[in-house]
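Participant: Below is the structure I would like to discuss, written out as structure tokens.
Here, each number is a calculation from the coordinates, and none is a lab measurement. This one's a predicted model, so the numbers in the text were calculated from it and none came from an experiment. Methodologically, a virtual Cβ is constructed for each residue, glycine included, from the backbone with ideal geometry; neighbour enumeration extends over all protein chains shown.
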Amino acid sequence: MKQDIILAGVGGQGILSIAFVIDNAALKQGLDFKQAEVHGMAQRGGAVQSHLRISDQPVFSDLIPKGAADMILSVEPMECVRYLDYLSPEGIVITSRSPFVNILDYPDIDKVLGAIETVANRVIVDSDKLAKEAGSPKTQNMVMLGAASPHLILEEANLREFIRVLFALRGEKMVEMNLKAFDLGRTAANKG
Amino acid sequence: MKQEVLLGDEAVALGAVHAGLSGGYSYPGTPASEIMEYLIKASTRENKFVASWSVNEKVAYEEALGVSYAGKRALVSMKHVGLNVAADPFMNSAITGANGGLVVVVADDPGMHSSQNEQDSRYFAEFAKVFCFEPSNHQEAYDMTRESFELSEKLGIPVMIRMVTRLSHSRSRVQPRPPKQQNPLKYGVDTDWILLPVHARRRFKLLVDKQRDLISISNRSEFNSLQINPKNTILGIIASGIAANYVIENYTDGHEQPSFLKMTTYPIPEDLVKKLVVHVDTVLIVEEGYPFIEKNISGVFGVAGKNIHGKLTGHLPSTGELSPGIVRQGLGLDALPKREIADFPMAARPPQLCQGCSHADTYRALNEALESYSESNVFSDIGCYTLGALPPYNAIQSCVCMGASVSMAKGGAEAGVYPSVAVIGDSTFAHSGLTPLLAAAAANTNMTVFILDNSTVAMTGGQPTFLSGEKLAKVIEGIGVAKEHTRTILPLPKNHDKNVLIMKQELDYQGLSVVIAARECVQQARKIKRSKT
């Protein structure tokens with residue numbers, strides 16, 4: 001049992017928060033994992049990605065080989081397309097459809113979504129709308145984690161537990177808002 | 001003890017804490033910063049110790065050396081280019097020797113994710129003739145750090161740990177072991193630390209004589225492993241550090257693995273290399289960074305009757321970072337099945353200055369102020385403001401090394417460049433911009449230095465700075481820059497016209513002028529606000 005996930009988004013969208021929750025849930029389930037992330041210069045509003053590998057066998061490489069990822073989980077649609085060559089032929093894409101436009105040459109959004117639709121196995125979520133519904137556009141990352149959750153080899157209860165841990169210091173209201181975002185994402189994904 | 005989820009950098013830090021660390025020092029730099037971040041958090045928790053940011057890497061190294069001389073265990077960490085700054089004490093401390101364990105952690109950046117070069121610190125370890133570990137995973141990062149302190153005390157020399165970005169910034173599980181107590185304080189100075197030629201010659205001979213011991217420790221190290229595949233005498237593989245993972249990864253699908261030497265210690269474990277090489281016709285060497293092992297093994301003449309393959313022979317790329325896919329190609333295995341990707345006009349999303357960043361306002365004003373000159377040179381430095389090189393600013397023309405902007409502007413001015421401009425951040429200025437400004441003040445060089453004071457080390461995540469605000473202004477005055485040509489501006493859009501005017505006045509002035517553009521980093525301001533609510 002293994003799952004190789006490319007997490008993608010733009011610096012500041014909270015990719016590493018998603019990773020925190022998944023890492024700790026994996027640890028709790030006694031799985032091995034490695035999660036390579038990007039810090040420093042590249043983080044400043046740039047494209048950010050994290051390679052996350054979970055397995056009941058030892059994980060060796062910190063990086064996922066191209067063509068071997070089981071899932072791309074992206075908080076931004078163009079960033080999802082950027083890593084499509086990592087996805088295995090049977091892999092699934094879980095992505096937001098809400099573009100984050102901080103560059104002048106952002107491509108036509110229909111073309112972006114068109115590229116995503118070349119993947120048969122896909123879940124596309126309006127994370128911006130759902131995050132606002134949860135209480136803050138900043139919760140898009142948890143919406144997307146929720147959308148991915150039915151497809152992860154991790155138990156929902158464990159994911160929820162570490163969302164609590166992650167936001168505990170920022171108060172119960174933050175915890176509840178992010179759990180709501182997670183639930184909205186999960187429901188949206190289940191509806192397909 | 002409970003397993004922990006740690007970054008590679010944090011695994012090193014925890015290993016040091018559990019080895020009885022008394023003093024940790026560093027200067028921020030990606031991908032090494034998280035070592036000190038972790039040490040600072042841990043320093044007040046268990047078995048209290050000192051963990052602090054230093055003014056620069058040379059200072060950090062010397063502070064650590066002082067701890068070591070006092071008989072206690074010390075760690076100094078930095079990014080690869082930081083060791084260039086600390087090279088002087090590093091090289092010489094190998095000769096004086098260490099007293100308490102002295103471990104120098106250097107994080108290389110193959111692929112230049114956040115750096116100006118991809119130099120390979122293993123050459124520095126060889127240059128100084130010290131022992132070096134190259135962990136391949138988080139558990140090794142923890143275990144090797146603990147072992148480094150033991151070894152440093154046993155051999156009486158510093159020990160290096162070579163990290164790379166992919167391990168530094170990857171998270172995984174680590175199983176810690178019970179911690180050790182700190183060493184007692186030791187006084188007593190003997191002649192070993194006085195590198196007058198008379199002592200240095202004796203000490204250097206001693207270091208050279210130790211090299212056989214280092215090789216023998218490397219040969220016997222439990223961190224290296226040699227697996228001989230008796231059925232395959234055609235190909236053997238030597239892989240070091242995380243490159244070893246990329247090799248193993250490619251054989252997890254059932255392909256039979258050739259004979260394999262996983263190498264994680266230097267000097268090179270010669271006996272293990274010989275055992276592998278005699279067994280096979282061709283050896284592929286897979287290493288992250290420069291072809292260090294390959295060159296050491298093949299030398300000028302190669303190995304008679306054997307093929308040594310690697311980066312020098314073009315079997316693996318000589319630049320950039322390795323990956324499982326690149327290594328797969330080098331191993332000659334079939335490529336993984338590929339997904340058909342439709343043509344798509346992908347846009348790059350390079351890093352950029354944050355919304356509301358003070359540097360953006362400074363650059364907009366500087367660009368306008370310089371419009372009235374037909375030519376100019378803007379020498380910049382290392383920090384967030386280096387992003388001023390990118391559109392829409394295109395405001396700077398150099399980024400070489402820490403502090404270089406000021407010295408280069410002086411050299412440029414002396415060669416006849418006018419206006420000759422330096423742009424440097426407050427922390428970089430304290431790191432190594434202050435000393436060249438002393439010389440420029442003494443000569444009253446015709447140049448203008450912009451100090452972009454955002455009161456933090458922003459690019460690396462907001463570490464504290466030593467020279468900001470009022471203190472910075474006092475230092476500028478104290479080293480002899482004319483008071484009327486030291487100007488402070490508040491870089492905000494509403495002050496644009498006023499700031500352009502001040503900049504023009506100082507660019508026009510035929511002598512040394514300093515413009516301090518002071519406004520807090522927006523990220524830091526947000527963090528501080530958040531911590532208060």
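Participant: Please report A:LEU104, B:LEU185 as a ranked list, fewest other C-beta atoms within 10 angstrom at the top and most at the bottom.
Facilitator: A:LEU104, B:LEU185
Participant: Oh, and also: Of B:TRP53, B:TRP193, how do they rank once you tally other Cβ atoms within 10 Å and put the fewest first?
Facilitator: The most exposed by this proxy come first: B:TRP193, B:TRP53.
Participant: Given the options B:THR486, B:VAL50, B:ILE248, identify the residue whose Cα lies farthest towards the positive end of the charge dipole of chain B (+1 on Cβ of Lys, Arg; -1 on Cβ of Asp, Glu).
Facilitator: So the residue furthest toward the plus end is B:VAL50.
Participant: Take the Cα of B:ALA304, step 7 Å along the line toward its Cβ, and report every residue of region B:259-288 whose backbone nitrogen sits under 15 Å from that point.
Facilitator: The answer is B:278, whose backbone nitrogens lie closer than 15 Å to the label point.
Participant: Taking the Cα centre of region B:225-331 as origin and charging only Cβ (+1 Lys, Arg; -1 Asp, Glu), how large is the dipole, in debye to the nearest 20?
Facilitator: Dipole size: approximately 240 debye.
Participant: Using mean Cβ contacts within 10 Å as the protection proxy, how do A:112-120, B:349-357, B:523-531, A:74-82 order, highest first?
Facilitator: A:74-82, B:349-357, A:112-120, B:523-531
Participant: For a footprinting-style exposure proxy, rank B:SER152, B:SER405 by other Cβ within 10 Å, fewest first.
Facilitator: Fewest to most other Cβ atoms nearby, the residues stand as B:SER152, B:SER405.
Participant: Please give the average number of partner chain Cβ atoms lying within 10 Å of the Cβ of each residue in B:163-171, rounded to a whole number.
Facilitator: That works out to 6 on average.
Participant: Where does helix B:469-478 land angle-wise versus the long Cα axis of chain B, in degrees 0 to 90, nearest 10?
Facilitator: For B:469-478 against chain B, the angle is about 80 degrees.
Participant: Separate question: For helix B:8-18, what angle does its Cα long axis make with the longest principal axis of chain B, in degrees from 0 to 90 and rounded to 10?
Facilitator: 80 degrees
Participant: Work out the mean other chain Cβ neighbour count within 10 Å for the residues of A:52-64 and drop it here as an integer.
Facilitator: 6
Participant: Under the definition of Cα pairs under 8 Å and six or more residues apart, what whole-number percent is the relative contact order of region A:114-166?
Facilitator: The value is 22 percent.
Participant: Choose one of B:ASN137, B:PRO31, B:SER372: the residue whose Cα lies farthest towards the positive end of the charge dipole of chain B (beta-carbon charges +1 Lys, Arg; -1 Asp, Glu; about the Cα centre).
Facilitator: Going by the charge dipole, the pick is B:ASN137.
Participant: Further question: Would you calculate the separation in nanometres between label points at A:VAL101 and B:THR313, each defined as 7 Å from the Cα along the Cα-to-beta-carbon direction?
Facilitator: Roughly 5.4 nm, to one decimal.
Participant: Another one. With runs of 4+ DSSP H residues as the only contributors, calculate the mean residue ellipticity of the protein assembly as shown at 222 nm using -39,500 (n - 2.57) per run, divided by the residue total and rounded to the nearest 500.
Facilitator: -11500 deg cm²/dmol
Participant: Just need the relative contact order of region B:31-80 here, percent rounded to a whole number, with Cα pairs under 8 Å and 6+ apart.
Facilitator: Answer for region B:31-80 is 40 percent.
Participant: Now, a different point. P(r) tail for region B:358-527, what percent of Cα pairs lie past 26 Å?
Facilitator: Within region B:358-527, distances greater than 26 Å cover 17 percent of Cα pairs.
Participant: Over all alpha-carbon pairs of region B:4-209, lay out the pair-distance distribution in 5 Å bins, whole %, shortest bin first.
Facilitator: Pair shares across the bins are 1, 9, 17, 22, 22, 15, 9, 4, 1, 0.
Participant: Something else about it: Within the P(r) computed for chain B, what percentage of the Cα pairs occupies the region above 41 Å?
Facilitator: When every Cα pair of chain B is considered, 31 percent fall beyond 41 Å.
Participant: If you don't mind, another one. Pairs of alpha-carbon atoms within less than 8 angstrom and 6+ residues apart define the contacts here; what relative contact order does region B:358-527 have, in percent?
Facilitator: 25 percent
Participant: Using +1 on the beta carbon of Lys and Arg, -1 on that of Asp and Glu, and nothing else charged, what's the dipole of the protein assembly as shown about the Cα centre, debye to 20?
Facilitator: Roughly 1460 debye, rounded to the nearest 20.
Participant: Need one word for chain A: rounded, prolate or oblate. Basis is the Cα gyration tensor (sqrt eigenvalues a ≥ b ≥ c); a/c below 1.5 gives rounded, then a/b vs b/c decides.
Facilitator: rounded
Participant: Calculate, for B:ASP253 and B:ASN232, the FRET efficiency according to 1/(1 + (r/R0)^6) with r their C-beta to C-beta distance and R0 22 Å; round to the nearest 0.05.
Facilitator: Calculated value: 0.80.
Participant: Is the C-alpha gyration tensor of region B:112-212 telling us rounded, prolate or oblate? Criteria: a/c under 1.5 is rounded; beyond that, a/b larger than b/c is prolate, otherwise oblate.
Facilitator: Note, shape of region B:112-212 comes out oblate.
Participant: Roughly how many nanometres apart are two label points built 7 Å out from the Cα toward the Cβ at B:ASP209 and B:LEU438?
Facilitator: Distance between label points: 3.9 nm.
Participant: According to a simple spin-label model (label point 7 Å from Cα along Cα-to-Cβ), what is the distance in nm between A:ASP128 and B:ASP343?
Facilitator: 2.9 nm
Participant: When each pair of different Cα atoms in the protein assembly as shown is counted once in the 1/r mean, what is the Kirkwood radius in angstroms, to one decimal?
Facilitator: 27.4 Å
Participant: Among B:VAL417, B:GLY330, B:ALA442, whose Cα sits farthest toward the positive end of the charge dipole of region B:323-480 (+1 at Cβ of Lys/Arg, -1 at Cβ of Asp/Glu, about the Cα centre)?
Facilitator: Among B:VAL417, B:GLY330, B:ALA442, the one farthest towards the positive end of the dipole of region B:323-480 is B:GLY330.
Participant: Between the helical axis of B:211-220 and the dominant principal axis of chain B, each derived from Cα atoms, what acute angle in degrees is found, rounded to the nearest 10?
Facilitator: For helix B:211-220, the angle is close to 60 degrees.
Participant: For region A:85-167, give the magnitude of the charge dipole about the Cα centre (Cβ charges: +1 Lys/Arg, -1 Asp/Glu; no others), in debye to the nearest 20.
Facilitator: 300 debye
Participant: Here is a follow-up. Eight or more residues apart or on different chains, and alpha-carbon atoms under 21 Å: count the Lys pairs in region B:4-209 matching that.
Facilitator: Within region B:4-209, the lysine pair count is 18.
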